[in-house]
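Enquirer: Dumping the structure here so I can ask a few things about it.
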Amino acid sequence: MKNPKKILIANRGVIAIRALRAAKELGYQVASVYSTIDKDQKHLKLSDEAICIGPAEAKDSYLNEAAIIAAAELVGADAIYPGYGFLAENPSFAEKCNQSGFKFVGPDSEVIEIMGDKIRAKELIESLGVPVVPGYTGDIKDQEHIEGIVEEIGYPVIVKASAGGGGKGMRVVQNEAELWDSVVSAQNEAKFAFGNGEVFIEKYLKKPRHIEVQVFGDGKGKVVHLYSRDCSLQRRYQKIVEEAPAKNLPEDKLSNIQDICVKACSELKYEGAGTLEFLYENNEFYFIEMNTRIQVEHTVTEMITGVDLVQAQLSLALEGKFELDQEKLRINGHAMQCRINAEDPETFIPSPGKITTVHRPGGYHVRFESQIYSGYKVPSNYDSLIAEVIVKDNDRENTINKMRMALTELVIEGIKTNQPLHLKILDDDGFKNVDYYIKYLEEELIK
Ligand code: ADP
């Protein structure tokens, strides 16, 4: 019998244990990497091998490309699973993995590169028939030139860094007096933060919702969509609550957008899991960006479609298997995810430290994705996401009730978490009525 193939998980935390479970369930061997401060991560105990790749600081460990490739070599990995964050959308890392003989679980490095450049991504996606936010992606010559262009787009506008990410490098401009300074400072900030000072301009939508479409492709032109998600509940551009499918939208328009996404990704010969993100306002969808990786909120899509997206990624990357059929993909019920962050629910200051007690919620269609356990120490070095509570029920109202029960059952002691904030959201009328927008949480719920 052939030895099972081996996957190296190049990540930590919630996505690392998620990927470990998926890989083990498929019968693969798993090797994991970790930084010194992460030596007690739960997934390491369940991995066949664990390799230390450096100190706590991410740039010396989880972002250390050479150390990860060396670990893959050492264990004889067949593939490298990047998860989300860290090197997941780094085209040169994807290329290095593939060139070194370790299949990068994700799309082609060229597609990652294009989508990581928002100007190129927007132009390409628009050329493939997807509606985008009106704006300007051309060269910015001088003050007079750009003032003329924005006059036509109409204020307010948002100046964005082409290489930006994580909500960084964006500036909202209300009038002409603010425009030039904002452009210049955004260019400087982008150059400093991303090594690329290119910026572009978009009409600033005042109260949009964030709606996204999950796609999955075989890399040869066959692509399916797995319906929509609503991720409008955000703070500082970070998603807090996610749902699938998105509700209170014109069904025909949403269905059309999903089909357009499939067509565009088919032209790109997109491989694996990806998400096209849209803002939705006044009955229209506007593309903002594409994420060429698995996302934190993939779980809600799994709950309503019954597709294990991480297993699908691994089977495609390692066996060339693609078993998704649009005709058979159906929405079953409504799913919701609350991101549990180690932070003060009122000040949002991170709350690292030792978790003394954990009681996980349970029950029918209640899912808890997390690496935490009683005695686990949340390090201060990384993202504050420590768990995801995911539930599904037959409709949105019952899903909210089930989530309230699950969150009431969940106990995490020793550190502060945003659990109370979630309970407040669930009881809010605007939330219950799907009457919200991307700044709703900040402007109306936690003023
Ligand atoms: P990033 O890659 O940094 O996440 P995005 O382009 O996805 O950048 O934008 C992040 C968030 O910023 C969006 O989810 C939305 O909340 C807000 N945003 C982006 N573009 C606009 C716009 N044109 N009008 C209003 N808000 C926007």
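The values are calculated or read from the model by the stated rules, or taken from the named source; none is laboratory data. Every value quoted in this text rests on a predicted model; they were computed, and no experiment measured them. Counting neighbours? That spans all protein chains shown, and the Cβs are built from the backbone with ideal geometry, glycine included.
Enquirer: Six or more apart or on different chains, Cβ atoms under 6 Å: show the pairs whose first residue is in segment 211-229 and within 17 Å of E284 (Cα to Cα) and whose second is in a strand (DSSP E or B) and among the aliphatic types (A, V, I, L, M).
Expert: Matching pairs, first to second residue: V213/L276; S228/I211; S228/V213; R229/A244.
Enquirer: Report, by residue number, each residue of segment 369-387 that is surrounded by 21 or more Cβ atoms within 10 Å (Cβ to Cβ) and more than 24 Å from G54 (Cα to Cα).
Expert: Selection gives A387 alone.
Let's see how each residue does on (1) away from the ligand (no atom under 16 Å from the Cβ); (2) more than 17 Å from G217 (Cβ to Cβ); (3) in the same structural domain as Q238 (by TED's automatic domain parsing):
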{"residue": "A264", "(1), (2), (3)": "yes, no, yes"}
{"residue": "E267", "(1), (2), (3)": "yes, no, yes"}
{"residue": "E281", "(1), (2), (3)": "no, yes, yes"}
{"residue": "M290", "(1), (2), (3)": "no, no, yes"}
{"residue": "Q295", "(1), (2), (3)": "no, no, yes"}
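Enquirer: Return the total of residues in segment 43-62 being among the aliphatic types (A, V, I, L, M), closer than 17 Å to V75 by Cα and in a helix (DSSP H, G or I).
Expert: Of the residues in that region, 2 qualify.
Enquirer: Please specify each residue of segment 400-447 satisfying the condition of being of a type in the set (V, I, T), crowded, with 19+ Cβ neighbours inside 10 Å and not in a loop (DSSP other than H, G, I, E, B).
Expert: Across segment 400-447, the qualifying residues are I400, I412, I425.
Enquirer: What pairs come up if the first residue lies in segment 102-128 and is without any contact (Cβ under 8 Å) to a residue 40 or more places away in the chain, the second is part of a helix (DSSP H, G or I) and among the charged types (D, E, K, R), and their beta carbons are under 6 Å apart, counting only those six or more places apart or on different chains?
Expert: Correct list of pairs: S109/E95; I114/R120.
Enquirer: Here's something else I'd like to know. Within the set of pairs 6 or more residues apart or between chains, which connect a residue that is in the same structural domain as R236 (by TED's automatic domain parsing) and under 15 Å from F200 (Cβ atoms) inside segment 168-184 to a residue that is within 16 Å of the ligand (Cβ to nearest atom) and in a strand (DSSP E or B) with Cβ atoms less than 6 Å apart?
Expert: none
For (1) away from the ligand (no atom under 15 Å from the Cβ); (2) modelled with pLDDT of 95 or more, each residue gets a yes or a no:
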site: N188; (1), (2): yes, no
site: K191; (1), (2): yes, no
site: V199; (1), (2): no, yes
site: L205; (1), (2): no, yes
site: P208; (1), (2): no, yes
site: G217; (1), (2): yes, yes
site: G221; (1), (2): yes, yes
site: V224; (1), (2): yes, yes
site: Y227; (1), (2): yes, yes
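Enquirer: In addition: Starting from residues that are out of contact with any strand residue (DSSP E or B) (no Cβ under 6 Å at 6 or more places or on another chain) and assigned to a helix (DSSP H, G or I), keep the ones in segment 155-182 and report whichever is nearest to the ligand (Cβ to nearest atom).
Expert: In this case the residue turns out to be E178.
Enquirer: Further question: When segment 183-210 is examined, which residues are found to be over 28 Å from N282 (Cα atoms) and assigned to a helix (DSSP H, G or I)?
Expert: Those that are over 28 Å from N282 (Cα atoms) and assigned to a helix (DSSP H, G or I): V184, S185, A186, Q187, N188, E189, A190, K191, F192, A193, F194.
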